[in-house]
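Student: Sharing a structure with you now.
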Amino acid sequence: MSANAPVKNAGEGSHQVLTFVLGKETYGVDILRVQEIRGYSAVTKIPHAPAHVLGVLNLRGSIVPIVDLRMRFSLDRAEYTAVTVIIVVSIMSAAGRRDFGVVVDGVSDVVDVDTDEVKPAPDLGSRGATDYIRGLVPVAERMVVLLDIDKLIGTELATLGGSNVNQAA
Amino acid sequence: MTIDLTQFHEAFFEESFEALDSMEAALLKLDIGAPDKELINTIFRVAHSIKGGSATFGFSDIASFTHSLETLLDELRSGTMQVTVPMSDLLLKSVDVMRAMLRAVQHKKPIDAQKVSDLQFDLELMIAQKNTAPAAAAAPTPVAIAAPAPAPASAPAEVAPPVPVPKRWEITFKPFPELFARGNDPLRMLRELAELGELESIADLAALPAFAQLDPQSCYMAWNLQLRAEVEESAIKQVFEWAEGDCELQIELVGGPATEGASQAASVAQPASTAPGGAAHIGGTPAPTPPPAAHAPVSSASPAAAAASPSTTAAAPTQAAAPAAPPKLEAVPKADAPIEKMADSGSIRVSVEKIDELMNTVGELVITQAMLSQLGSRLEGPTAEKLRAGLAQLERNMRELQESVMRVRMLPINVVFSRFPRMVRDLAQRLGKQIELKLTGEQTELDKTVLEKIGDPLVHLVRNSIDHGIETPEKRAAAGKIPAGTVHLDACHRGGNIAVEVSDDGGGLDKHRILAKARDRGLVGPNDVLTDEQIYELIFLPGFSTAEKTTDVSGRGVGMDVVRRNIKELGGKIELRSELGKGSRTIITLPLTLAIVDGQSVSVGGETYIVPLISIVESMQLKAENVSRLSGRGEVFSFRGFYLPIIRLHEVFGVEPRTRVLDEGLVVVAEGEGHQRIGLFVDDLLGQQQVVIKSLETNYGHVEGVSGATILGDGSVALILDIPGLIRATAVRSAA
């Protein structure tokens, strides 16, 4: 778990991370994976989808699924307002590149993260899987949780790709 | 000379396959007895260009085979041989063999050598039969097989009357020993020369060392060539272009028609007199299959010639080849090849991905334009009027643009139809029937993806027509029909769809037999009364066949159900009409493209769904008294005498509907696979529109009951329903 977090490679130097707020926490994703940031607009529901997959949106001609990260992280559900933001990220999965939108409370900043400063995520035991957390890094006295979006959403895609969507019915 | 030729392979294969298709088409049009010169030329050109290409790329098996074919075709072209039925069969078989060879080479698989050499033997036999007739002295069997058999040296090469060609060139071609190392093949050059006109070649083996000293990678030979052809010096030089600097080359114009007789005599006498070390007199066009002896010294492997006692004379074995193929190729003006190429360049090859990309971009533009139009309609004021006029113009242009892009993907249905003349001919022959194939509307265009998938169903239908539909000539005569049956393939645009029709004037379907068979098998109750339409419908059931005997052509009962499934997958419909004794008609209706679907928008709660128009039978409002509940679970309603299950879309998709009361909403009667009908309960109908199909699977995954998504005019996403999938999904659910 924590051992596989790629934190000890000093040669990587620093990289840029887009930070966003979800409830009281600040999270970060690799800026190179971010396609676009846009305001929330009504989505089209997909039948039999997992609860945190809100539906699909038209993103300049392609159909992009939208995931609510609050629900994914089992946080309280927030109302979608004018400041609710969708971050469109691309995921590398076994099936190739896929685009996903994640609903967050707000986007904070783009920060440089020194690879040496990234601390491994604490092992929370069986209470919660943390393999989608790449590590923790302090930015301006706040703790930023760096997410591995491939693991966060990519693993779910594997189950969505098949035809076994029936279980939701 | 280090160009990597493999990069051209794909283009060569593609062009060759296309060329073979046109050759096949031309062969089928060829009239026995009175062949069209132009058609023969077309056929010849195909063989010629495949030969040239495969020789260049080193596909020697193909080159050798096409060479034999070319030789035969040349006889046809010059009119010394006539097109006969066995010959046209043989030529068609050659097309198949060439196709198989090209495919094998393309996929780097071994060529079926036995088949190739059998056919090549047949080809040569045919040429030889022709040759034996006028040239009594020539070997009675195909010389190519009996390689070292020393044929009478006296047999002159010029059995055919001299073609009146005015110019005579004398060429001395003395390659340096390193010629082979530079990748040059003298044999190919000689062949190319032979295509320019009548070629006499005399190999000078003087420099050939004893076998022990021989280096197989060096060229020891030289050639004295005489070419009678109406060509310029530059054309000859072009042949040796690649060898420039690797050889000594002299080209001299020695005479016109006046000296013809004399020079000819000289050339015949030459084998005996010239070349001190023994000259090999090789026919200009190498013998049908290059016989080992004749072939070897000319190409790379000199040892073979050396083995045949080089010190005495190599003339004996090689001369055998000389009488076999009188070099009398008509002057094929080499220059005409580039001209043909130029004429073809009215089209370009574009990968499908590029077109798809273009389609996507245009699709997005259409959506943006729709959004702008909606916004524009809400504006007010004097400039708004102008803006709206501009937007209307934009809309028109967009529609045109979209149509043009769609058209890029469109191909004439001829691409599919063209395989039928051959198939019908072969089948008719095998079944002993006389069949005339009529093709109309070949120029009707449809999307490439649809085109690719419609071929197999059509083949099946045509096969059915020939095997079961059309009767034998005797039966037809007894029924008072002309002995030759007609199978008619027709395509035309009908609304936004394309209709493809396969009809025949054969026996038609026997309703009573079909019904009896269905009753036998328990598919229909003994007392059920079925309409004609419903009876024909039975044919599409899996495993249903009334054929008395199964042939290898059809009758196994697999097929019609597959045909229908394929058509349904394309979003099409299939209908059967028939009259006993007069024939049957199968009508396939297909969408022009898979990228766009005609849809009916329906609303359930706040969501909009698209139901493909092709699956909709009718929409109606239900009355409570028409609905009954089955065993407390499903609901059914009566529709034209049938009870159809009701699928409540809001339940299946888990959305909050506006109403749950059946008579407050609407029911869309929709059809799934095999005329399976359901009533789809929705809140309301919105409108009909063409929608561009987008995949949900690109970023998400497959969703049961949904075939894709589309983007509506306001930029929002609507899901497109997959009615057969929906029926399956609900069936699974209610069974669980």
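Conditions tested, residue by residue: (1) assigned to a helix (DSSP H, G or I); (2) farther than 21 Å from B:S22 by Cα; (3) in the same structural domain as B:E70 (by TED's automatic domain parsing); (4) touching a Pro at 6+ places or on another chain (Cβ under 8 Å).
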residue: B:V95; (1), (2), (3), (4): yes, no, yes, no
residue: B:R99; (1), (2), (3), (4): yes, no, yes, no
residue: B:R103; (1), (2), (3), (4): yes, no, yes, no
residue: B:P110; (1), (2), (3), (4): no, yes, yes, no
residue: B:K115; (1), (2), (3), (4): yes, yes, yes, no
residue: B:L123; (1), (2), (3), (4): yes, no, yes, yes
residue: B:Q129; (1), (2), (3), (4): yes, yes, yes, no
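Student: Ok, one more. Kindly check whether there is at least one residue in the stretch B:654-666 that is on the phi < 0 side of the Ramachandran plot, of a type in the set (D, E, K, R), within 14 Å of chain A (Cβ to nearest Cβ) and without any contact (Cβ under 8 Å) to a residue 60 or more places away in the chain.
Tutor: Yes, the stretch B:654-666 contains at least one residue that is on the phi < 0 side of the Ramachandran plot, of a type in the set (D, E, K, R), within 14 Å of chain A (Cβ to nearest Cβ) and without any contact (Cβ under 8 Å) to a residue 60 or more places away in the chain.
Student: May I ask you to list the residues in the stretch B:617-634 that are under 21 Å from B:L685 (Cα atoms) and not in a helix (DSSP H, G or I)?
Tutor: B:V617, B:E618, B:S619, B:M620, B:Q621, B:L622, B:K623, B:V627
Student: Of all residues in the stretch B:686-723, count the ones that are surrounded by fewer than 19 Cβ atoms within 10 Å (Cβ to Cβ) and more than 10 Å from every other protein chain (Cβ to nearest Cβ).
Tutor: Summing the residues that are surrounded by fewer than 19 Cβ atoms within 10 Å (Cβ to Cβ) and more than 10 Å from every other protein chain (Cβ to nearest Cβ) in the stretch B:686-723 gives 6.
Student: Please determine whether any residue of the stretch B:48-68 is under 30 Å from B:K438 (Cβ atoms) and either assigned to a helix (DSSP H, G or I) or hydroxyl-bearing (S, T, Y) (or both).
Tutor: Among the residues of the stretch B:48-68, not one is under 30 Å from B:K438 (Cβ atoms) and either assigned to a helix (DSSP H, G or I) or hydroxyl-bearing (S, T, Y) (or both), which makes the answer no.
Student: Quick one: which helices (runs of 4 or more DSSP H) lie wholly within the stretch B:462-550 and hold at least 1 residues that are in contact with a strand residue (DSSP E or B) (Cβ under 9 Å, 6 or more places away or on another chain), under 27 Å from B:V416 (Cα atoms) and modelled with pLDDT of 80 or more?
Tutor: Passing ranges, in order: B:532-538.
Student: Would you mind telling me which numbered condition in (1) under 30 Å from B:M406 (Cβ atoms); (2) assigned to a helix (DSSP H, G or I); (3) more than 11 Å from chain A (Cβ to nearest Cβ) B:L726 fails?
Tutor: Failed condition: (3).
Student: Would you check which residues across the stretch B:584-618 are of a type in the set (A, V, I, L, M, F, W, C) and surrounded by 22 or more Cβ atoms within 10 Å (Cβ to Cβ) and list them?
Tutor: Scanning the stretch B:584-618 gives B:I588, B:L590, B:V597, B:V602, B:V604, B:I610, B:V611.
Student: Could you list, in sequence order, the residues of the stretch A:38-49 that are surrounded by fewer than 15 Cβ atoms within 10 Å (Cβ to Cβ) and in contact (Cβ under 8 Å) with a residue 12 or more places away in the chain?
Tutor: A:R38, A:G39, A:S41 - these are the residues of the stretch A:38-49 that are surrounded by fewer than 15 Cβ atoms within 10 Å (Cβ to Cβ) and in contact (Cβ under 8 Å) with a residue 12 or more places away in the chain.
Student: Now for a separate question. Looking for something in a strand (DSSP E or B), away from chain B (no Cβ under 14 Å) and at pLDDT 90 or above - is there at least one such residue anywhere in the stretch A:35-49?
Tutor: Yes, some residue in the stretch A:35-49 is in a strand (DSSP E or B), away from chain B (no Cβ under 14 Å) and at pLDDT 90 or above.
Student: Give the residues of the stretch A:60-79 that are within 12 Å of chain B (Cβ to nearest Cβ), touching a strand residue (DSSP E or B) at 6+ places or on another chain (Cβ under 6 Å) and touching a residue at least 12 places away in the same chain (Cβ under 8 Å), sorted by residue number.
Tutor: Result: A:V64, A:P65, A:I66, A:V67.
Student: Check A:V89, A:V17 and return the single one that is surrounded by 21 or more Cβ atoms within 10 Å (Cβ to Cβ), modelled with pLDDT of 90 or more and touching a Gly at 6+ places or on another chain (Cβ under 7 Å).
Tutor: The unique qualifying residue is A:V17.
The values are calculated or read from the model by the stated rules, or taken from the named source; none is laboratory data. If you're wondering where the values come from, they're calculated on a predicted model, not measured in any experiment. Every residue, glycine as well, gets a Cβ built from its backbone with ideal geometry; the counts of neighbours run over all protein chains shown.
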